[in-house]
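Beneath this line is the structure, given in structure tokens, with notes to follow.
The values are calculated or read from the model by the stated rules, or taken from the named source; none is laboratory data. Because the structure is a prediction, the values reported are computed rather than measured. For neighbour counting, all protein chains shown are included, and Cβ atoms are generated from backbone atoms with ideal geometry for every residue, glycine included.
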Amino acid sequence: MKLVKSLFLAFSLVGAAVAAQAAPAAPTAAPSVATAPAPVIEPGAVPAPAPSPAPPAFVSTARPDPHIGQPSPGGYTLPVQVTPNGRRALWMHNYVLMPVIVFTSLLVLGLLAWVAIRYRASVNPTPGKTTHNTLIEVIWTLVPVLILVAIAIPSIGLLAAQFKTPPKDAVTLKVIGNQWYWNYQYPDHGDFELTSNMLPDAEAKKRGEPRLLAVDERVVLPVGVPIRVLVTSNDVIHSWALPAFWAKMDAVPGRINELSFTIERPGIYYGQCSELCGARHGFMPIAVEAVSPAQFARWVASKGGTMPSAAPAPAAAAEVAPAVEGAVPETANATEAAEEPAANATDAPAAANTTEG
Ligand SMILES: [Cu+2]
């Protein structure tokens with residue numbers, strides 16, 4: 001009897017704590033935990049292990065930033081980059097390529113103007129007979145060569161960084177293209193799967209998301225952690241492309257392509273299929289929600305997945321959803337999507353292992 005009493009006490013304490021913490025975020029979840037009846041244990045029976053309180057459901061609180069992770073009105077340059085490779089590539093574009101292009105264009109324009117005006121027929125009735133000048137020929141050969149070498153050095157480094165193999169403990173996301181939606185699998189986290197379909201315009205508007213880019217199931221990834229993306233397809237060639245990550249990788253049936261990046265800031269980032277894949281090619285957007293590792297662990301739990309570490313991520317249980325004014329309701333699954341899951345899971349681990357070497 002004493003045991004029943006203490007169990008009941010412990011249980012209501014835990015329930016009260018969870019209710020107090022989760023009240024602003026998930027008011028519906030709290031009462032069910034708090035009012036759960038204490039288990040009745042027959043005298044002499046082996047007591048069942050006390051059920052651990054379920055982790056609070058992951059509720060997305062993020063709202064898309066209209067200037068980051070999606071096209072913005074009047075935008076004329078590359079999007080804001082949120083990965084180290086992206087920032088490096090943006091730097092190269094802004095401070096190497098653009099100055100070279102602008103300088104070269106202005107130089108050629110100036111030379112043409114000079115020739116056209118200074119040596120026009122009206123002021124040069126008898127043209128000069130000069131055909132060769134060794135010094136000028138050496139200059140116009142050597143200078144472009146030096147410019148190309150100057151561009152090649154940072155360019156090759158950037159290329160190598162983009163295809164650097166991610167570390168072994170990187171979070172693996174498997175992306176599978178389908179006509180015309182994306183499947184996502186998390187092989188390191190219990191291999192659960194999502195199907196991501198575009199939201200209808202009205203629903204996207206209601207949620208404050210851009211039309212043709214919003215989806216019913218966002219891919220959730222942790223920030224500050226290397227991500228390994230394995231990209232493949234079930235039918236035709238698609239391409240998983242996310243401009244803010246400097247990421248674009250073909251999804252080819254029967255083969256797995258690898259891509260890796262580290263997201264540096266939380267947010268919602270949109271992309272699109274970037275390989276003409278059929279009639280609804282323009283309607284299979286990508287939406288990635290980058291969250292803290294603790295929130296990621298909670299999201300994984302809410303999907304029925306597991307974290308690869310043995311410890312059940314105490315941070316995830318301790319941390320409570322932040323205040324959620326106008327939180328986006330999670331995954332109303334508005335579209336009549338989700339045909340057959342069509343998971344091509346069998347070839348994934350083998351192929352992934354070969355890439356790890
Ligand atoms: Cu496609």
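Listed here are the helices (runs of 4 or more DSSP H) enclosed by region 251-357 that have at least 2 residues being more than 22 Å from residue 182 (Cα to Cα), in contact with a helix residue (DSSP H, G or I) (Cβ under 8 Å, 6 or more places away or on another chain) and modelled with pLDDT under 50: 314-318.
Scanning region 188-216 for residues that are within 16 Å of the ligand (Cβ to nearest atom) and not hydroxyl-bearing (Ser, Thr, Tyr) yields a total of 5. Residues of region 199-219 that are in contact with a strand residue (DSSP E or B) (Cβ under 6 Å, 6 or more places away or on another chain) and either among the acidic types (Asp, Glu) or modelled with pLDDT of 95 or more (or both): 217 alone.
Might you let me know whether region 173-187 holds any residue that is outside any strand (DSSP E or B) and away from the ligand (no atom under 16 Å from the Cβ)?
Checking region 173-187: at least one residue is outside any strand (DSSP E or B) and away from the ligand (no atom under 16 Å from the Cβ).
Is one or more of the residues making up region 286-306 within 12 Å of the ligand (Cβ to nearest atom) and either outside the structural domain of residue 82 (by TED's automatic domain parsing) or within 14 Å of the chain's Cα centre (by Cα) (or both)? So far as region 286-306 goes, yes, one or more of its residues are within 12 Å of the ligand (Cβ to nearest atom) and either outside the structural domain of residue 82 (by TED's automatic domain parsing) or within 14 Å of the chain's Cα centre (by Cα) (or both). Number of residues in region 179-196 that are under 10 Å from residue 306 (Cα atoms) and among the aromatic types (Phe, Trp, Tyr): the value is 2. Scanning region 195-206 turns up no residue that is under 19 Å from residue 258 (Cα atoms), surrounded by 22 or more Cβ atoms within 10 Å (Cβ to Cβ), in the same structural domain as residue 279 (by TED's automatic domain parsing) and among the hydrophobic types (A, V, I, L, M, F, W, C). Given the conditions (1) near the ligand (Cβ under 9 Å from one of its atoms); (2) in contact (Cβ under 8 Å) with a residue 60 or more places away in the chain, report the number of the one that residue 276 does not fulfil. For residue 276, the exception is condition (2). If you go through region 126-136 one residue at a time, do you hit one that is away from the ligand (no atom under 16 Å from the Cβ), surrounded by 13 or more Cβ atoms within 10 Å (Cβ to Cβ) and more than 30 Å from residue 276 (Cα to Cα)? No.
When the residues of region 247-273 are narrowed to those that are polar (S, T, N, Q) and within 16 Å of the ligand (Cβ to nearest atom), which ends up nearest to the chain's Cα centre (by Cα)? It comes out as 272. Screening the candidates 164, 174, 168 for the property of being of a type in the set (D, E, K, R) and either in contact with a Phe, Trp or Tyr (Cβ under 8 Å, 6 or more places away or on another chain) or surrounded by 12 or more Cβ atoms within 10 Å (Cβ to Cβ) (or both) yields one hit, 174. Just one residue in the set 231, 219, 236, 223 is surrounded by 16 or more Cβ atoms within 10 Å (Cβ to Cβ), within 16 Å of the ligand (Cβ to nearest atom) and under 24 Å from residue 295 (Cα atoms); that residue is 219.
Do we find a residue being outside any loop (DSSP other than H, G, I, E, B), over 27 Å from the mean Cα position of the chain (by Cα) and farther than 30 Å from residue 264 by Cα anywhere in region 125-135? Yes, region 125-135 has at least one match.
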